[in-house]
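Here is the structure we will look at, set down as structure tokens.
The values are calculated or read from the model by the stated rules, or taken from the named source; none is laboratory data. Here the structure is a predicted model, which is why all the values come from computation and not from measurement. Virtual Cβ from ideal backbone geometry, glycine too; neighbours counted across all protein chains shown. Just so you know, the surface numbers come from the protein's heavy atoms only, side chains and all, with ligands and any DNA or RNA stripped out. Shrake-Rupley method; radii C 1.70, N 1.55, O 1.52, S 1.80 Å.
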Amino acid sequence: QVQLVESGGGLVQPGGSLRLSCTASGIIFMTYAMGWYRQAPGKERELVARITSDFITRYADSVRGRFTISRDNAKNTVYLQMNSLKVEDTAVYYCNTNTVSTYWGQGTQVTVSS
């Protein structure tokens, strides 16, 4: 059974930083690409960042230069370091992977507010 468990969300002021973590189980983690998505109220879920099994990364234009995705295969964990946070980054952030099926974590709330 595949499980993705996110952590690290919270309330932060504009300009602040947070690091999200997602730990996977039930898959051979090192062989799969991992992604972070987010969904703000009233908006569709969107891709934030993705990292392949070969450590190739891709970012949404809105976060490039501020967010960094990374992975630690020894810990079955993918990270999202978020710097220079903006109010518009407020959303529920979800971890994702695709094997023969698509899997999502439960989501972690990130709120950027003064």
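Within the bounds of the range 68-78, is there any residue that is over 22 Å from S114 (Cβ atoms), in a helix (DSSP H, G or I) and hydroxyl-bearing (S, T, Y)? Checked the range 68-78: no residue is over 22 Å from S114 (Cβ atoms), in a helix (DSSP H, G or I) and hydroxyl-bearing (S, T, Y). Mind listing whichever residues of the range 73-96 are of a type in the set (D, E, K, R) and either closer than 15 Å to V5 by Cα or under 14 Å from the mean Cα position of the chain (by Cα) (or both)? Residues satisfying the conditions are K75, D89. Selection within the range 52-106: residues that are open to solvent by less than 60 Å² (accessible area, probe 1.4 Å) and free of Cβ contacts under 8 Å to residues at least 12 places away in the same chain. The member of this set that is nearest to I27 (Cα to Cα) is D72.
Look at (1) crowded, with 18+ Cβ neighbours inside 10 Å; (2) of a type in the set (G, A, S); (3) touching a helix residue (DSSP H, G or I) at 6+ places or on another chain (Cβ under 7 Å) and you find that A49 fails only one, number (3). Tell me whether the range 27-36 contains one or more residues that are modelled with pLDDT of 95 or more, among the β-branched types (V, I, T) and open to solvent by 30 Å² or more (accessible area, probe 1.4 Å). No, the range 27-36 contains no residue that is modelled with pLDDT of 95 or more, among the β-branched types (V, I, T) and open to solvent by 30 Å² or more (accessible area, probe 1.4 Å).
On the stretch given as the range 1-13, residues that are exposed (fewer than 14 other Cβ atoms within 10 Å of the Cβ), modelled with pLDDT of 95 or more and not in a strand (DSSP E or B) total 1. The residues of the range 48-62 that are outside any strand (DSSP E or B) and on the phi < 0 side of the Ramachandran plot, listed by number, are T52, S53, D54, I56, A60, D61, S62.
Restricting to the range 73-92, what's the tally of residues that are among the basic types (K, R) and more than 22 Å from K43 (Cα to Cα)? Steps first, please.
So in the range 73-92, the residues among the basic types (K, R) come out as 75, 86.
When the remaining residues are screened for being more than 22 Å from K43 (Cα to Cα), the result is 75.
Residues in the range 73-92 being among the basic types (K, R) and more than 22 Å from K43 (Cα to Cα): 1 in total.
Of the residues that sit in the range 37-46 and are of a type in the set (K, R) and open to solvent by 50 Å² or more (accessible area, probe 1.4 Å), which one is nearest to G26 (Cα to Cα)? If you could, list the steps in order and put the result at the bottom.
Just the residues of the range 37-46 that are of a type in the set (K, R), to begin with: 38, 43, 45.
Restricting the remaining residues to those that are open to solvent by 50 Å² or more (accessible area, probe 1.4 Å) gives 43, 45.
Values: K43: 31, R45: 24 Å.
Within the range 37-46, the match that is nearest to G26 (Cα to Cα) is R45.
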